[in-house]
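Peer 1: Before I ask anything, here is the structure I am working with.
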Amino acid sequence: MRQGRTIRGGWLAVAFCCVLLGVSAARAQVSSYGDKQAGENTGDQLPQVLQKVQVSQHLNQALPLDSTFVDDTGKTVRLGDYFGKHPAVLSLVYYNCPMLCSEELDGLTSALEMVRLVPGKDFDVVVISIDPSETPVEAAKKKQFYLKRYGHPETAAGWHFLTGQKPAIDAVTDALGFGYVRVPGPDGKLTQFAHASSIELVTTDGKLAQYYLGVEYSPKDILLGLIEASGNKIGSPVANILTYCYHYDPQTNKHSLIVVRVVQFGGMVTMASLGGFIFLMFRRDIKLTREQDLTKRENG
């Protein structure tokens with residue numbers, strides 16, 4: 001997989017994530033935008049809770065295929081059951097996540113709608129919950145929701161929403177380099193997770209072929225990535241710019257945006273770019289008008 005294409009895909013995903021947080025905050029957050037505050041950082045240091053929340057790209061790493069999970073029907077399965085014939089798109093979330101996970105799955109589903117490959121026939125979608133307390137019932141509800149959103153119920157056999165115990169979950173997250181930590185929810189109990197947002201493409205023999213970061217994914221990149229993963233080809237690292245979005249502040253009892261500075265910077269760059277474009281177009285129109293007036297006078 002070409003380095004240039006994958007890096008551009010990472011930048012686009014991150015850019016969308018920043019715009020999403022700035023523009024659609026009300027939809028992506030539990031409480032209103034006014035309740036969100038910037039996390040306090042010292043210099044360039046991340047809050048302590050997020051020191052381990054990141055994605056380390058372990059390309060060509062084999063997944064723990066002997067790890068056992070429970071699928072959305074309540075059946076005990078091996079992770080290796082989903083490999084051997086097709087590549088797969090892998091996503092680590094938790095089904096009761098009030099914020100980022102839905103954005104990730106929304107972005108994945110929207111991208112797959114424009115990919116000319118069929119789940120269950122050409123590839124599989126494997127979603128694993130990082131919360132060992134979640135149940136197959138919750139997994140089934142999530143599958144039903146996204147299968148309906150995808151619009152092709154006949155592909156149900158290609159979508160797999162799994163739950164499992166901590167040893168199996170940690171075996172997968174360690175292989176992926178996927179960092180996550182428990183954080184307190186609004187009630188002060190450790191019921192939520194600070195985690196990264198990414199999806200991974202996995203080869204037919206269960207090795208990590210490509211990472212895509214953020215919550216918006218390029219259909220073209222996913223298509224080409226799946227084609228290459230079907231031939232057991234390993235891609236290139238993507239730009240690892242932003243892999244986390246929220247943290248919980250137990251002192252204020254609020255979830256805070258820790259990417260607020262990135263959002264503000266992105267907004268300034270966007271406004272400057274638009275302003276520059278409008279200015280150039282305005283100058284060009286003035287120049288054309290003057291040239292047309294001059295031509296009329298000369299002809300007159």
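The values are calculated or read from the model by the stated rules, or taken from the named source; none is laboratory data. Keep in mind that what you see is a predicted model, and the values were worked out from it rather than measured. No Cβ is skipped: glycine too gets one built from the backbone with ideal geometry, and neighbour counts run over all protein chains shown.
Peer 1: With respect to the numbered conditions (1) farther than 17 Å from SER198 by Cβ; (2) modelled with pLDDT of 95 or more, which one is the sole condition not fulfilled by SER110?
Peer 2: (1)
Peer 1: On the given criteria, is LYS142 over 16 Å from the mean Cα position of the chain (by Cα), part of a helix (DSSP H, G or I), modelled with pLDDT of 95 or more and among the basic types (Lys, Arg)?
Peer 2: So LYS142 fits the description; yes.
Peer 1: Tell me, yes or no, whether segment 109-119 has at least one residue that is closer than 22 Å to ILE234 by Cβ and among the small types (Gly, Ala, Ser).
Peer 2: Yes; the residues of segment 109-119 include at least one that is closer than 22 Å to ILE234 by Cβ and among the small types (Gly, Ala, Ser).
Peer 1: Continuing with the same structure: If you take the residues in segment 117-132 that are out of contact with any strand residue (DSSP E or B) (no Cβ under 9 Å at 6 or more places or on another chain) and touching a residue at least 40 places away in the same chain (Cβ under 8 Å), which one is farthest from GLY231 (Cα to Cα)?
Peer 2: Across segment 117-132, the extreme among qualifying residues is VAL118.
Peer 1: Okay, next question. Is there any pair with a first residue in segment 86-101 that is under 14 Å from TYR212 (Cα atoms) and touching a residue at least 40 places away in the same chain (Cβ under 8 Å) and a second that is of a type in the set (Phe, Trp, Tyr) and not in a loop (DSSP other than H, G, I, E, B) whose Cβ atoms are under 9 Å apart and which are 6 or more apart or on different chains, and what are they?
Peer 2: ALA88/TYR82; ALA88/PHE123; VAL89/PHE123; LEU92/PHE178; LEU92/TYR180
Peer 1: Hey, does segment 219-230 have a residue that's of a type in the set (Gly, Ala, Ser), at pLDDT below 95 and crowded, with 20+ Cβ neighbours inside 10 Å?
Peer 2: No: zero hits.
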